[in-house]
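Report on the structure given below.
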Amino acid sequence: MVYSAVLAGCGAMSKGWLSALSDHALLKGRVKIVGLVDLDRANAEARAAEFGLKDALIGTDLDAVLSQTKPDLLFDVVVPVARAGLVETGLRHGCHVLTEKPMATSLDAAKAMVAQAKTAGRVHAVVQNRRFISGVRRIRRLIASGALGEITSLNCDFFIGAHFGGFREEMDNVLLLDMAIHTLDAARFMAGKAPRAVYCLETNPRRSWYRHGAAANAIFEFEDDVIFNYRGSWAAEGANTSWESAWRIIGTKGTLMWDGEDGFEARVVAGDTGFFRDLKDIEVPPPANADQTHGHASVIAEFLSAIESGRPPETAGSDNINSLAMVLAAIESARTGQRITISV
């Protein structure tokens with residue numbers, strides 16, 4: 001089946017979506033873009049020209065474009081504050097909706113989206129593209145195998161000097177809301193544990209080029225006494241980590257370290273005597289499914305597969321709301337200086 005789709009929000013991020021749809025083997029020929037929408041018509045026209053979408057309807061009014069094109073899908077690449085209205089409009093027009101992260105700017109708005117999708121009988125999912133990379137899938141498989149024993153803590157460092165320009169540099173809570181959602185979602189996915197509470201300190205480092213909240217330190221409590229420690233900054237020059245962070249995951253049998261790219265070290269205890277126990281290296285298994293390791297393309301392919309099979313996608317809004325709850329609880333903790341329980 002070839003799905004018709006409208007893409008709303010034709011800024012810089014839309015290029016990654018359109019590239020995946022036009023170039024990746026998982027998606028080639030599966031989706032036809034029939035409309036492009038942006039508040040600045042020139043942005044939509046530029047994307048249409050760049051990707052050869054000469055037949056796509058160009059517009060600045062989403063409701064009008066959806067009425068004229070009647071697409072199967074709506075791809076939401078707008079800024080977060082515009083998301084709630086866009087998702088409601090897409091579902092009202094009978095579209096399945098795949099939305100950028102974060103899925104909403106409040107839990108109430110996220111809950112409304114979940115309810116709207118259920119009422120409409122349509123799939124609503126979130127682009128957590130960094131969950132769909134080889135390293136994250138490999139770690140999930142290793143943890144699930146029990147090779148590290150019972151997981152006791154996940155620890156990650158994210159330090160990058162990122163000069164985006166544009167809306168991010170004016171956002172409140174920019175690191176937690178725009179970037180940490182990826183890392184927090186990955187931790188929840190890899191551990192297979194539900195978040196229960198958080199204590200967070202948010203700062204904006206001296207001479208930060210962001211207006212607010214470019215750095216944060218957070219301690220999350222997961223179920224079964226698992227701790228997730230997050231340290232991050234988007235205003236850290238001189239020694240960038242990977243975009244996927246640098247990780248140390250500790251279990252009752254041993255430890256896994258991942259540099260966020262191709263570097264893995266995993267060792268478990270191999271003896272029961274001595275001040276330091278003997279250790280042995282263990283292999284980190286390959287992903288269970290290589291098709292789930294291609295970022296944007298894999299998220300979109302999973303979305304289409306879920307529509308076809310009638311099952312919820314892995315990043316369904318009804319599940320991803322738990323990752324959003326982690327972010328919003330961390331922001332509330334930073335605001336109040338208190339430990340905040342996490343519930344949806």
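Where a number appears in this text, it was derived from the coordinates with a stated rule and is not lab data. This one's a predicted model, so the numbers in the text were calculated from it and none came from an experiment. Cβ sites come from the backbone with ideal geometry, for glycine too, and all protein chains shown count toward neighbours.
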**Message:** Using square roots of five times the C-alpha gyration tensor eigenvalues, list the equivalent-ellipsoid semi-axes of the chain in whole Å, biggest first.
**Reply:** 36, 23, 19
**Message:** Quick check on the chain: helices-only [θ] at 222 nm, where DSSP H runs of length 4 and up contribute -39,500 (n - 2.57) each and the sum goes over total residues. Nearest 500, please.
**Reply:** -10000 deg cm²/dmol
**Request:** Mind giving me the nanometre distance, one decimal, between the label points for Phe167 and Thr119, set 7 Å out from Cα along Cα→Cβ?
**Result:** 2.5 nm
**Span from the the range 223-295 Cα centroid across to the the range 73-141 one, whole angstrom** = 29 Å
**Cα→Cβ-extended label distance, 7 Å offset, between Ser19 and Leu201, nm** = 3.8 nm
**Item:** Top of Ala120, Ala297, Ala329 by mean-square fluctuation, Gaussian network on the chain, Cα under 10 Å
**Value:** Ala120
**Request:** Enumerate the aspartates and glutamates that Lys193 could reach by cross-link, defined here as Cα to Cα under 12 Å, with residues fewer than 8 away along the same chain left out.
**Result:** Glu150, Asp185, Glu221, Glu223, Asp224, Asp225
**Asked** So if we plug the beta-carbon distance of Ile227 and Ala82 into 1/(1 + (r/R0)^6) with R0 = 45 Å, what FRET efficiency do we get, rounded to 0.05?
**Response** 0.80
**Complete:** Site Ser4, offset 7 angstrom along Cα→Cβ, radius 18 Å on amide nitrogen, limited to the range 44-68, gives 53-68
**Asked** Among Trp234, Trp209, Trp247, whose mean-square fluctuation peaks in a Gaussian network model of the chain (Cα, cutoff 10 Å)?
**Response** Trp209
**Asked** Relative contact order (percent) for the chain, with alpha-carbon contacts under 8 angstrom and 6 or more residues of separation?
**Response** 19 percent
**Item:** 15 Å tail of the calculated P(r), the range 33-79, as % of Cα pairs
**Value:** 37 percent
**Request:** Report Rg (one decimal) and Dmax (nearest whole number) for the range 206-344, counting Cα atoms only, units Å.
**Result:** 19.3, 56
**Complete:** Here the net charge surrounding Ser245, from other residues whose Cβ is less than 10 Å away from its Cβ (Lys, Arg +1; Asp, Glu -1), is -1
**Request:** In nm, give the distance between the simple-model label positions of Glu308 and Asp278, each being 7 Å from the Cα along the Cα-to-Cβ direction.
**Result:** 5.1 nm
**Asked** Span-like helices, the chain: DSSP H, alpha-carbon axial extent 15 Å or more, mean Kyte-Doolittle -1.0 or greater, which ones?
**Response** 107-120, 134-145, 180-191, 296-309, 317-336
**Item:** Top of Arg267, Arg196, Arg277 by mean-square fluctuation, Gaussian network on the chain, Cα under 10 Å
**Value:** Arg277
**Prompt:** Remind me, relative contact order of the range 3-122 in percent, using alpha carbon pairs under 8 angstrom and six or more residues apart?
**Reply:** 25 percent
